[in-house]
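The values are calculated or read from the model by the stated rules, or taken from the named source; none is laboratory data. Not measured: the values here are computed from a predicted model. Positions of Cβ are generated from backbone atoms using ideal geometry, with glycine treated the same way; all protein chains shown enter the neighbour counts. Please note that ligands, DNA and RNA were not included when accessible areas were found on the heavy atoms of the full protein model with its side chains. Shrake-Rupley method; radii C 1.70, N 1.55, O 1.52, S 1.80 Å.
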Amino acid sequence: MALTIGIIGLPQSGKTTLFNALTKAGAPISGYATSTVQANIAVVQVPDARLQPLADIFKPKKVTPTTVEFVDVAGMGQAAQAHKEKREGLSAEFLGHIRNADALAIVLRTFANSNVPHIYENIDPIRDLDSLNAELALTDLTTVERRIERTTKAAKSGDKKYLQELEILRLLQEALNELKLVSQLELLAQDRAVLNELFLLTLKPRMYVLNVSEDALAAANDLLARIAAGKDVDVNTLESELQGIVAVARRAKEEGSEVVAVSARLESELTELPEEDAHEYLESLGLPQLGAERVIQVGYRLLNLITFLTAGEDEVRAWTVTRGAKAPEAAGKIHSDIERGFIRAEVTKFEDFMACGSFAAATKKGLLRLEGKDYVMHDGDIAHFRFNVGK
């Protein structure tokens, strides 16, 4: 099943423009727009520069990238201030599309444009983020309070399980009443069972996608790199748009969230150009790839995922596993029988294989290794699994 990232943001933040750029950059393999709640959904291919070199060598019948699903739901923030005042959360229709998302991409606009008015009339990405967080927290609060009602009734039996659950729920209730993110709370491992049943929005891994002006794109990426590296940035010397970018980047670092700067309008325009022209323009900005591609890749990093590869004359294919997964688990991504009957994995690093040009040459140089059940997979491993299910 594809990884799912929910795209949320205020109206006019550029989230739908970003969604359109993502689906074009990632070569959509399916997509549709629902009519009732204005949701755009698309499953797109994850760009992976390693697939084509392998395809050039094996000349396979097909090449299959791994995929990611993006969900762009309209409506969030249209009554953000009213929601805060009434202590209301998000609608059930909205929740139906993002409750099961693996991560959230929160789009924040950093530039002014008189042709695209902001719902708060001026630009302040931190204020916008706080507004969105308030809606998410209030939605989670409703979820928690409903669970408290049920658990309170069950706890009358005196069962310690329900009494302990109530303690956790009331801790969550207190934090959410203060509009705090559940992801920032220090919770014990045994509390996770309760949390996993609640599908809380403020617990989901998140990335901040800064929709910046084209003129600020190069400077924005430089600032993000500096802040990620722990270098000092004097905001007093920066123009207002860049100051907002720095503020969000610092918030993200405090939270342990990811942040990406893109120009949604530029992304949309570049996807209409021939690939060579688009990359040439990106290089002139000092950017190695489309922002849409970076959003996809950051999503994988955010969820602690890696990609391993299989290669042969029939197919060259990318597969996704959680970082730390062992060889039998990776084999199971291909087929459950392979995991069940796992014997060993023949593994070559992508760089080693490309240097050798074939499995035979890699074996001769000792770069193809036989690994057992305890082998931990690495990003870019090319694997062939030996198995025996028996009769």
Mind checking which pairs have a first residue in region 269-281 that is within 18 Å of GLY14 (Cα to Cα) and of a type in the set (A, V, I, L, M) and a second that is modelled with pLDDT under 80 and part of a loop (DSSP other than H, G, I, E, B), Cβ under 8 Å, 6 or more apart or different chains? LEU270/LEU290
Checklist (1) under 19 Å from SER13 (Cβ atoms); (2) buried (at least 21 other Cβ atoms within 10 Å of the Cβ); (3) aliphatic (A, V, I, L, M) applied to ALA247, failing item: (2)
Residues of region 320-344 satisfying the condition of being surrounded by fewer than 17 Cβ atoms within 10 Å (Cβ to Cβ) and not basic (Lys, Arg): THR322, GLY324, GLU329, ILE334, HIS335, SER336, ASP337, GLY341, ILE343
For region 233-248: of the residues being of a type in the set (Val, Ile, Thr) and part of a helix (DSSP H, G or I), which is nearest to ALA112 (Cα to Cα)? ILE245
Mind listing just one residue for me: the one in region 246-263 that is touching a residue at least 60 places away in the same chain (Cβ under 8 Å) and over 17 Å from the mean Cα position of the chain (by Cα) and, of those, farthest from THR110 (Cα to Cα)? ARG251
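Could you list, in sequence order, the residues of region 376-389 that are closer than 19 Å to VAL321 by Cβ and either of a type in the set (A, V, I, L, M) or open to solvent by less than 30 Å² (accessible area, probe 1.4 Å) (or both)? Give the derivation first.
Of all residues in region 376-389, those closer than 19 Å to VAL321 by Cβ come to 376-387.
Within region 376-389, VAL376, MET377, GLY380, ASP381, ILE382, ALA383, PHE385 meet the criteria.
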Cβ-Cβ under 8 Å pairs, at least 6 apart or on other chains, region 287-304 side without any contact (Cβ under 8 Å) to a residue 24 or more places away in the chain, far side among the hydrophobic types (A, V, I, L, M, F, W, C) and in a helix (DSSP H, G or I): PRO288/LEU282
How many of the residues making up region 250-266 are closer than 20 Å to VAL235 by Cβ, of a type outside the set (Val, Ile, Thr) and buried (at least 18 other Cβ atoms within 10 Å of the Cβ)? 3
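I need the full set of residues from region 369-382 which are assigned to a loop (DSSP other than H, G, I, E, B) and of a type outside the set (D, E, K, R), in order please. Working first, answer last.
Residues of region 369-382 that are assigned to a loop (DSSP other than H, G, I, E, B), as a first pass: 372-375, 377-380.
Correct list: GLY372, TYR375, MET377, HIS378, GLY380.
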Please give the strands (runs of 3 or more DSSP E) falling wholly within region 30-115 in which 2 or more residues are of a type in the set (D, E, K, R) and at pLDDT below 95. 67-73
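Okay, residues lined up against (1) part of a strand (DSSP E or B); (2) surrounded by fewer than 16 Cβ atoms within 10 Å (Cβ to Cβ):
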site: PRO288; (1), (2): no, yes
site: GLY299; (1), (2): no, no
site: LEU309; (1), (2): yes, no
site: ALA318; (1), (2): yes, no
Quick one: in region 126-161, of everything that is over 23 Å from the mean Cα position of the chain (by Cα) and among the hydroxyl-bearing types (Ser, Thr, Tyr), which residue is least open to solvent (accessible area, probe 1.4 Å)? THR151
Return the residues of region 180-203 that are at negative phi, open to solvent by 20 Å² or more (accessible area, probe 1.4 Å) and not in a helix (DSSP H, G or I); say none if nothing qualifies. LYS180, LEU185, GLU186, LEU187, LEU188
Between a first residue in region 197-224 that is of a type in the set (Asp, Glu) and a second residue that is part of a loop (DSSP other than H, G, I, E, B), which pairs have beta carbons less than 7 Å apart while being 6 or more apart in sequence or on different chains? GLU214/SER263
Restricting attention to region 126-140, does a residue exist that is of a type outside the set (Ser, Thr, Tyr), over 22 Å from TYR208 (Cβ atoms) and out of contact with any Ser or Thr (no Cβ under 7 Å at 6 or more places or on another chain)? no
Unmet criterion (only one of (1) outside any helix (DSSP H, G or I); (2) small (Gly, Ala, Ser); (3) under 22 Å from ILE106 (Cα atoms)) for GLY230: (3)
Looking at (1) in a helix (DSSP H, G or I); (2) under 20 Å from LEU210 (Cβ atoms), which one does ARG150 not meet, given that it meets all the others? (2)
Answer residue from region 345-368, given it is under 32 Å from the mean Cα position of the chain (by Cα) and outside any helix (DSSP H, G or I) and is surrounded by the most Cβ atoms within 10 Å (Cβ to Cβ) among those: ALA345
Close pairs (6 angstrom Cβ cut-off, 6 or more residues apart or separate chains): part of a strand (DSSP E or B) in region 4-15, basic (Lys, Arg) and open to solvent by less than 20 Å² (accessible area, probe 1.4 Å) anywhere: ILE7/LYS15; GLY9/LYS15
